[in-house]
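The values are calculated or read from the model by the stated rules, or taken from the named source; none is laboratory data. Just so we're clear, the structure is a prediction, and the values are computed from it rather than from any experiment. A quick note on method: Cβ atoms are made from the backbone with ideal geometry, for glycine too, and the neighbour counts reach across all protein chains shown.
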Amino acid sequence: MRRLLGMRPPLAPDRLLRRLVGERVLGPDTPGREAPSSRVVEAESEGMTPVQVRGLRKAFGTTVAVDGMDLDVCPGEVVGFLGPNGAGKTTVLRVLTGSLRATAGSVSVLGLDPFRQAAAAHQDIGYLPGDLRLPPHLTAAQLLDVCAGRRRDPGADRAALVAALGLPLDVEVAALSKGNRQKVGIVAALMSRPAVLLLDEPTSGLDPLAQEVLEGLVRAAADRGAAVLLSSHVLREVDQVADRVVMLRSGRVVASSGLDELRATAPHAVEVVLEGPGDRLLHVPGLRGLTTAGPRMSFTVPRESLGALVTALAAEQVQDLSIAPADLETLFRHLYEGS
Ligand SMILES: Nc1ncnc2c1ncn2[C@@H]1O[C@H](COP(=O)(O)OP(=O)(O)OP(=O)(O)O)[C@@H](O)[C@H]1O
Ligand SMILES: [Mg+2]
């Protein structure tokens, strides 16, 4: 059944580890290892972005998880991958790592098909799964040693990452706290300076300080040229690290926009205290999220309705008023709600 659904069977610990470090078990037709820089240059010279998705469709039986998706992630770019639970984010990331096969459409990572050329593609992919499972009886240090021995780059940044995240190295994975297990996965994903980083809810379980450290590490990876696709429900984190957001709903891209562009088009948050009931305000086009607390009304209006808002306010007895561009979190919420 799993095969029918395009899934692979559960991985034994050793295979699990290989998957974690971005390395599939090598087959007889495994292509040779190549430096990431040559891969990036090669892919770019062919007019391809490091992560390219075209018309991707992925169905599990009758459930369509991804329904015709296009996506590009450029070198040095962090794309925040948003969407409600079940939208298809993890499925896309798993197709990009080659652990799931596309039902239709195509994906390429560094110019390679990650399913058919997994071993070569995984040389340069740092992947942090959303459901991180680690072999329980290795210490963090042993686990990272195994990872290091299998990567093209043995982990130039390992010591710095361990120090930055405060990861205890000599504790068995089974005895690590959830957040510290997550840090093992983060170090494993980042330590070899991969050209492509695929991070599925990377701050899950991290304390606020570690979240901040991770945000800095992700930005640093992008600044040295990595293409980063990061799924998250933590809107503040996306605001901090992403250059662009792609929002998926029911397997389809419903919004794709630069963060600066989003900020520039953000609706305005209005707080007003009126003497009367303020019914006229309710007719301002695009008014959303109305809440009232006594005489105080709070809501948002799109920029293009500011004129209509002023006209409506002019006919009211206004006691107090503030109008400011909505913060990004409010904007994201509107996207989630389907505006
Ligand atoms: N292995 C599977 N077998 C069957 N259905 C699956 C499988 N994996 C995912 N799905 C379905 O595909 C859809 C997309 O799931 P996916 O995990 O990609 O969503 P998501 O956007 O990552 O959600 P979340 O924010 O909760 O992590 C859901 O309807 C889910 O139930
Ligand atoms: Mg998910």
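Data overview
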read-out: Total residues in the range 226-240, condition modelled with pLDDT under 95 and away from ligand 2 (no atom under 16 Å from the Cβ); value: 3
read-out: Residue ID - farthest from the chain's Cα centre (by Cα), chosen from residues in the range 290-338 that are of a type outside the set (A, V, I, L, M), in a strand (DSSP E or B) and buried (at least 16 other Cβ atoms within 10 Å of the Cβ); value: Phe299
read-out: Candidate set: the range 196-211, residues that are surrounded by 18 or more Cβ atoms within 10 Å (Cβ to Cβ) and within 12 Å of Gly179 (Cα to Cα); chosen: the one farthest from ligand 2 (Cβ to nearest atom); value: Ala210
read-out: Qualifying residue in the range 71-94 (condition: within 14 Å of ligand 1 (Cβ to nearest atom) and farther than 19 Å from Ser256 by Cα); value: yes
read-out: Asp243 being more than 16 Å from ligand 2 (Cβ to nearest atom), of a type in the set (D, E, K, R), farther than 22 Å from Ile125 by Cβ and touching a residue at least 24 places away in the same chain (Cβ under 8 Å); value: no
read-out: Cβ-Cβ under 8 Å pairs, at least 6 apart or on other chains, the range 81-97 side of a type in the set (Phe, Trp, Tyr), far side near ligand 1 (Cβ under 6 Å from one of its atoms); value: Phe81/Lys89
read-out: Condition met for Asp113 (under 18 Å from the mean Cα position of the chain (by Cα), closer than 22 Å to Ala59 by Cβ and acidic (Asp, Glu)); value: no
read-out: Among the residues listed as Gly205, Gly258, Gly225, Gly251, the single one being in contact (Cβ under 8 Å) with a residue 12 or more places away in the chain, in contact with a Lys or Arg (Cβ under 7 Å, 6 or more places away or on another chain) and at positive phi; value: Gly205
read-out: For Ala43: the one exception among (1) modelled with pLDDT of 95 or more; (2) away from ligand 2 (no atom under 16 Å from the Cβ); (3) crowded, with 21+ Cβ neighbours inside 10 Å; value: (1)
read-out: Complete set of residues in the range 89-99 that are surrounded by fewer than 24 Cβ atoms within 10 Å (Cβ to Cβ) and modelled with pLDDT of 95 or more; value: Thr90, Thr91, Leu93, Arg94
read-out: Complete set of residues in the range 232-274 that are over 30 Å from Val310 (Cα atoms) and polar (S, T, N, Q); value: Ser232, Gln240, Ser250, Ser256
read-out: Qualifying residue in the range 116-126 (condition: of a type in the set (S, T, N, Q), farther than 22 Å from Ser232 by Cα and within 16 Å of ligand 1 (Cβ to nearest atom)); value: no
read-out: Hits in the range 93-144 - residues which are within 16 Å of ligand 2 (Cβ to nearest atom), under 23 Å from Ser192 (Cα atoms) and hydrophobic (A, V, I, L, M, F, W, C); value: Leu93, Val95, Leu96, Leu128, Leu132
read-out: Val253 part of a strand (DSSP E or B) and in the same structural domain as Ala65 (by TED's automatic domain parsing); value: yes
read-out: Number of positions in the range 177-192 that are crowded, with 20+ Cβ neighbours inside 10 Å and either more than 22 Å from the chain's Cα centre (by Cα) or assigned to a loop (DSSP other than H, G, I, E, B) (or both); value: 2
